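Presented below is the structure to which this report refers.
The values are calculated or read from the model by the stated rules, or taken from the named source; none is laboratory data. Predicted model only: the values in this text are computed from it and were never measured. Every residue, glycine as well, gets a Cβ built from its backbone with ideal geometry; the counts of neighbours run over all protein chains shown. Heavy atoms of the whole protein, side chains included, go into the accessibility calculation; ligands, DNA and RNA do not. Shrake-Rupley method; radii C 1.70, N 1.55, O 1.52, S 1.80 Å.
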Amino acid sequence: MTTMKIGFTVNGSATTVEVEPRRSLADTLRDQCGLTGTHLGCEHGVCGACTVIVDGDPVRACLMFAVQADGAAIRTVEGLADGERLHPLQQAFWEHHGLQCGFCTPGFLMLATWLLERDETLDLATLRHVLSSNLCRCTGYQNIIQAVTAAARAMGKWSDG
Amino acid sequence: MKPAAFLYLAPRSRDEALDAIAAHGDDGKVLAGGQSLVPAMNFRLARPGVLIDINRVPDLSTVARDGASLRIGALSRHARFERPVTDGALGALLPEVARHIAHTPIRMRGTFGGSLAHADPASEWCALALALNATIVAEGKSGTRTIAAADFFQSIFTTALKPDELLTEIRLPWLDASWRCGFAEYSRRVGDFALAMAVVALRLEHGVIRAASIALGGVGATPLPAASAARLLLGASPSDALLAEAGAAAAREVDPQGDIHATATYRRELVGAMTRRALRQALAA
Amino acid sequence: MSWVGRNIPRLEDPVLVRGDGRFVADLAIGAHSVRFVRSQVASGRILEIRKPPGALVVTGEDLGDVRPIVPRLNRFNYAAIEQPVLPRDRVRYVGQAIVAVVAATPEAAEDLADSVEITIEPDAPLVDAEAALTGAPIHPQAQDNVVVDGRLRTPGCDAAFAGADCLVEIAIRSRRQNATPLEARGGHAAYDRATRRIVLSASTQMPHLLRTGIADTLGIPETDLQVIAPDVGGGFGQKMGLYPELIVLVWLARAKRGRFAWIEDRQENLIASAHSRDQRHRLRGAFDKDGTLRALDVDVLSNIGAFSCYPTTCGVEPLMAMTEYPGPYKLSEYGARARGVATNTCPMAPYRGVSRPVITFALERLMDRAARQLGLDPVEIRRRNLVDAFPYRTVTGLTLDEASYREALDQAVARVDLPAFRRRQTAARAEGRYLGVGLAVFNERTGYGSPAFAARGMEITPGYERVDIAMSPSGDVEARIGASPHGQGLRTTLSQIIADELGIDMARVRIIHGDTDRTPYGWGTFASRSLVLSGGASKLAAAQLADRLRQGAAALLQSTPDKIVLGGGRATVAETQASVALDEIARAVHHGPVALTEALGRDLSAFAIYDPAGTFSNACHVAVVEVDVETGAVRIERYIVVEDAGRLINPMIVDGQIAGGIAQGIANALYEEIVYDDDGNILTATLADYLVPTMAEIPPVEIHHLATLTGASVTQAKGVGEGGAIGAPAAIVNAICDALAPFGIELYEIPATPERIRALLRAREPR
């Protein structure tokens, strides 16, 4: 079992890990970095539960090997809150009942975070188009839409389109 | 669903990449976006002994107009094309196609070159490459060559690339305002592999179709030209009846396999419908 | 200020939105990885298993005298088929776990699994239920592969059919589903050296039952095993099982005195976890000319797969269909036959709604068909037949409590504005566009206790729920429950109920669940039961605690308990306004020099067991769809629900359950299908093939509430978890048929895929 030593930053902190080349970024974040908020729902890139942000882009952490992330800046759900203060998206998901079992939630939060950090404002059509990337089995999606809309408004990023 | 072990190489230059590809031949697989390869590896359907990650090779993702063609570096990510990268009819077509490719996070990583090299019969860029008679640039230790799209796709997941070659660039003919392009695909869910798709490019002069190219995806082992449907359009003026005829002709030209997602008969119907819709979109442009 | 009835944001969420939830895979890090080598063959004799040398590999032989899993029913001709934990002699479905291998990492475990050679002599598998009826027996206990066979027939049934004005006959097909929770199954078993016990954390809906089941099969005392359901990423019934994989984990932890984890992957889950609703029904309805349903005759054939699920047994699907078929309609003559047939496919487990989505689909299609045959309005035919006087004892012995069947129908129909829709529909048809509207009216049996399960003759009779409640010296309240929530927000809703009962702030209440060491025996969360049963028990237990607090207050305030009112965290003598904080009472009871009263003693605890007959919620769903006749694609334009779940403890959570249920119902109606080939191989083993809908496929749902408050439930709440899934297939397919009425299309199969719709249209097209 040959391993490689790689370094990246996660939520602003520099980390070095030693992993087999075949170990996914998702498993590395979970097992080596102790950040278990990123979940695995399918390991073939369909469900999006593993969505994290790598160098500013939302990616499926199950489809990336950790060794590919050498030198990258990674953001996970654990980096959204500022101490006790929740990110507006987290607050909105809570207020709008945007989660039930919570398993898909981190993936949605990271995808929505990317969406709301873009320069352009967000409208309903774009929201649906982008968020249709991720599967949820519990909510029926409507409250997720309400939550992201509310957060977008709170962050001054909503356009009634 | 963890992959089998492999040796990982991350060349930092084109030469290094080509050396690695030549050295490992069939046991090596190029890793570009990974959005098709990694799932296959996670299912252990693909078990390359060596993975050659070309993401750190510079100068492979330039997109630039070069006279009569648009040159697309192989590592250009699908997401790049969601906004216009050029103008004219080609400039309008690329975003329309790009937004149908899978979903946003997949488009962040997946690459144009990777799609072509992977040659999934339902790949949007593959159908587009065929429809527009693209040229594929392949580089190897022994030199560089160009391959016409019509010769490039040989069978399912099989291209004309030799084991020691790297796909480095795709050249699409730049289409000016006399061209009208259209795209339509049918999938069960938004973002799914298409059960059938059509890419069309028409050139009109004074309301008459002077040039036509139609490529179909998802209905054969490779993207397929709908040659007789295209011929039917030449010299004709657009009408509902013409579009219906063209759709029917396209449907007759294919001999799709049935699978759990669609019977052969149903796929043929979808070919007719998507051809008509792509033509309608092109003519409305 | 009451908590009940308010949209309190969930207490569960701050942890989950931070990614701090603890799902079983999160606990498993650092444990030995267990992977199961699964059969590639649907039926065959195991000839040889070659273990790779030097590896930890467990076979059926190694398990020694571990018992098989044998759930039992004492009625309905149930054949007690046996499921070995790991088979020694034969395999019975593709995906059946044959061998367990252990390695240091999941990657290495998978490498090791690939190197295990198993030689199986295959024989011809039976995949289809009808074929299995005349095929070779899969189990010795059921020679005709019929594992359960229930029949009933009212004496006047035949005469009612003979004298009927109009007979309507239909046959429906429900295709196989997989509940597909986003977190697949998994377990982590650890040997605790200090106590010599095993702690199993498992993604389960039924921790106590799992503990009992595992202890029984391993032949160990239950007290040697602690089962914990941590955060569970969805269940929908699939995580109600006693799975061999979990038994093997505990066996390993005991045998090797270490930590062992199995985290199921998606491919395993699709192939080998549990499937549902693979059923065929034939219905005959005898109608009067005016649309009155005089008699109903049904035949239900349920493909239950290779083994029988624990604890309900595979009888759960066919027998529930038989018992609940008449639904919300008046019916006095009824004949039914319901069979569960074994095949060489993945075993069945109940999935949200169990058989009710299918029977509602069938009965609502029958109603529409009868309306068409009799020239009646589909709304009118339903109104004519809906139960409207309560309580109503059904022909199968169920008691329907007060509900709003007709009101829900009327309101839903009013909201969709049928006349306006019909005008739009006509205009659209002229443009070659096909819109349709469809209805589903149904009731949902919820919150039923052991009497209902006893009627089924289950050897293990679940039903009751117990809640233990206690106030600590500092005045905080802990309630321990036997239910096991996994997204239902039970921590929040039970806190609302308890806080209201005690007149305290919700934040002072803590609900403890999921851990068999810390909670009273209970049955878990399924069957739309937890709020009704645990809610009822919570209310009763809290009421008893409130009594004790009033006793303490009376002693401290020199008054009598009947004069004391609880509110705002205090106990107050109504007449004088003299009051004392509950915290003070708690300190006095626990720490004071003497007991405040002899009766109260040192005890600020209470418990209640709630075991009611059950209560029926109801709803009417209306779907407006557009069918693209070129491709067969169905777009849902509008979806309306008028539902009655009695008192809504937390309306936001209720709406979430309805919306989530509808999403799964839409999936069932249009997208999801597990497909087998004739050799028993699964062709839909990825999420690219098994089509769970995305946000793009699920429309917003308009939910409206009625509230019939009955005494059948102590909180006046009715269960609501499954209703969404129950009504959607019927409403959507009825809408598709309405849209395609110009083509004379009748659809009786779910999912109603574009392919199937196109096939029907093609058959009608001129050549």
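Here are the numbers:
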item	result
Selection from the stretch C:172-202 of residues that are farther than 29 Å from C:GLU672 by Cβ and not in a strand (DSSP E or B)	C:ARG193, C:ALA194, C:THR195, C:ARG196
Any hit, the stretch C:251-263, residues being of a type in the set (Gly, Ala, Ser) and either without any contact (Cβ under 8 Å) to a residue 12 or more places away in the chain or closer than 29 Å to C:SER302 by Cβ (or both)	yes
Scope the stretch B:181-217; condition away from chain C (no Cβ under 14 Å), touching a residue at least 24 places away in the same chain (Cβ under 8 Å) and outside any strand (DSSP E or B); matching residues	B:GLY207
Single condition B:LEU60 does not satisfy, out of (1) of a type in the set (A, V, I, L, M, F, W, C); (2) open to solvent by 10 Å² or more (accessible area, probe 1.4 Å); (3) touching a residue at least 40 places away in the same chain (Cβ under 8 Å); (4) outside any strand (DSSP E or B)	(2)
Leading residue by the ranking (most open to solvent (accessible area, probe 1.4 Å)) among those in the stretch C:28-50 that are at the interface with another protein chain (Cβ under 10 Å from one of its Cβ atoms) and among the small types (Gly, Ala, Ser)	C:GLY30
Where a residue in the stretch C:686-702 is more than 10 Å from chain B (Cβ to nearest Cβ) and farther than 17 Å from C:GLU673 by Cα and its partner, wherever it lies, is open to solvent by 10 Å² or more (accessible area, probe 1.4 Å) and assigned to a strand (DSSP E or B), with Cβ under 6 Å and at least six apart	C:PRO699/C:ILE636
When residues of the stretch C:1-13 are limited to those that are within 14 Å of chain A (Cβ to nearest Cβ) and open to solvent by 40 Å² or more (accessible area, probe 1.4 Å), the one nearest to C:ARG90 (Cα to Cα)	C:LEU11
Sole residue being touching a strand residue (DSSP E or B) at 6+ places or on another chain (Cβ under 9 Å), more than 14 Å from every other protein chain (Cβ to nearest Cβ) and either of a type in the set (A, V, I, L, M) or closer than 29 Å to A:ARG128 by Cα (or both), chosen from B:ALA79, B:ALA131	B:ALA131
Test: residue in the stretch A:13-32 that is outside any strand (DSSP E or B), more than 11 Å from chain C (Cβ to nearest Cβ) and open to solvent by 30 Å² or more (accessible area, probe 1.4 Å)	no
Test: residue in the stretch C:164-183 that is on the phi > 0 side of the Ramachandran plot, in contact (Cβ under 8 Å) with a residue 60 or more places away in the chain, within 14 Å of chain A (Cβ to nearest Cβ) and not aliphatic (A, V, I, L, M)	yes
Search result, residues across the stretch B:238-266 that are modelled with pLDDT of 95 or more, open to solvent by 20 Å² or more (accessible area, probe 1.4 Å) and either touching a His at 6+ places or on another chain (Cβ under 9 Å) or β-branched (Val, Ile, Thr) (or both)	B:THR263, B:THR265
Qualifying positions in the stretch C:475-504 - part of a strand (DSSP E or B) and of a type in the set (A, V, I, L, M)	C:VAL477, C:ALA479, C:ILE481
Matching residues in the stretch C:158-178 - criterion: being under 32 Å from the mean Cα position of the chain (by Cα) and open to solvent by less than 20 Å² (accessible area, probe 1.4 Å)	C:VAL168, C:ILE170, C:ILE172, C:SER174, C:ARG176, C:GLN177, C:ASN178
Some residue of the stretch B:38-45 being among the β-branched types (Val, Ile, Thr), buried (at least 16 other Cβ atoms within 10 Å of the Cβ) and assigned to a loop (DSSP other than H, G, I, E, B)	no
Any chance C:ALA543 is hydrophobic (A, V, I, L, M, F, W, C) and surrounded by fewer than 18 Cβ atoms within 10 Å (Cβ to Cβ)	yes
Unmet criterion (only one of (1) away from chain C (no Cβ under 11 Å); (2) open to solvent by less than 40 Å² (accessible area, probe 1.4 Å); (3) among the hydroxyl-bearing types (Ser, Thr, Tyr)) for A:TYR141	(1)
Looking only at the stretch C:546-567, and only at residues there that are in contact (Cβ under 8 Å) with a residue 12 or more places away in the chain and outside any helix (DSSP H, G or I), the one that is least open to solvent (accessible area, probe 1.4 Å)	C:ILE564
In the stretch C:14-27, the residues that are open to solvent by less than 10 Å² (accessible area, probe 1.4 Å) and in a loop (DSSP other than H, G, I, E, B)	C:GLY19, C:GLY21
When residues of the stretch C:635-684 are limited to those that are within 14 Å of chain A (Cβ to nearest Cβ) and part of a loop (DSSP other than H, G, I, E, B), the one farthest from the chain's Cα centre (by Cα)	C:THR684
